[in-house]
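The values are calculated or read from the model by the stated rules, or taken from the named source; none is laboratory data. Predicted model, so just to flag it, every value in this text is computed and none were measured. Cβ placement follows ideal geometry from the backbone for every residue including glycine, while neighbour counts extend to all protein chains displayed. For accessibility, only protein heavy atoms count, side chains too; no ligands or nucleic acids. Shrake-Rupley method; radii C 1.70, N 1.55, O 1.52, S 1.80 Å.
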Amino acid sequence: AVYADDLSATMLAGEQAELRIFCAPFLYAPVEKGMVCGFAQVVCGDTVLCETELLCANAVAADETQADTGWWERFLLWLDRIRGREIEEMQ
């Protein structure tokens with residue numbers, strides 16, 4: 001992902017800002033270059049100083065050799081992957 005616009009803000013001496021990124025953990029192909037996939041904010045305390053959209057930097061074609069699965073099957077696959085990662089991290 002890339003920023004749609006520059007993130008910049010004027011702050012007082014001693015203030016500290018935080019970069020917050022909001023996006024889906026993964027996308028399903030096909031993905032188009034320039035497609036909005038989230039947003040980023042620069043925050044100081046409770047104040048949003050600036051924000052911009054996150055755009056997909058590259059296009060990703062769908063793999064036509066794979067059978068299309070429904071949302072339930074994709075959810076179960078995702079859940080299995082998460083469980084597998086949790087088990088690996090615990091060992």
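Limited to the range 16-31, what total is found for residues that are surrounded by 12 or more Cβ atoms within 10 Å (Cβ to Cβ) and in contact with a Cys (Cβ under 9 Å, 6 or more places away or on another chain)?
Qualifying residue count, the range 16-31: 4.
How many residues are closer than 28 Å to THR10 by Cα and in contact (Cβ under 8 Å) with a residue 24 or more places away in the chain when one looks only at the range 46-81?
9
Output the number of residues of the range 1-57 satisfying the condition of being in a loop (DSSP other than H, G, I, E, B) and either within 30 Å of LEU77 (Cβ to Cβ) or more than 15 Å from the chain's Cα centre (by Cα) (or both).
So the answer is 29.
Suppose we keep only residues that are modelled with pLDDT of 80 or more and open to solvent by 100 Å² or more (accessible area, probe 1.4 Å) within the range 56-80. Which one would you say is farthest from PHE22 (Cα to Cα)?
Out of the qualifying residues, it is TRP72.
At pLDDT 80 or above, aliphatic (A, V, I, L, M) and loosely packed, with under 10 Cβ neighbours inside 10 Å - does that describe any residue in the range 6-14?
Scanning the range 6-14 turns up at least one residue that is at pLDDT 80 or above, aliphatic (A, V, I, L, M) and loosely packed, with under 10 Cβ neighbours inside 10 Å.
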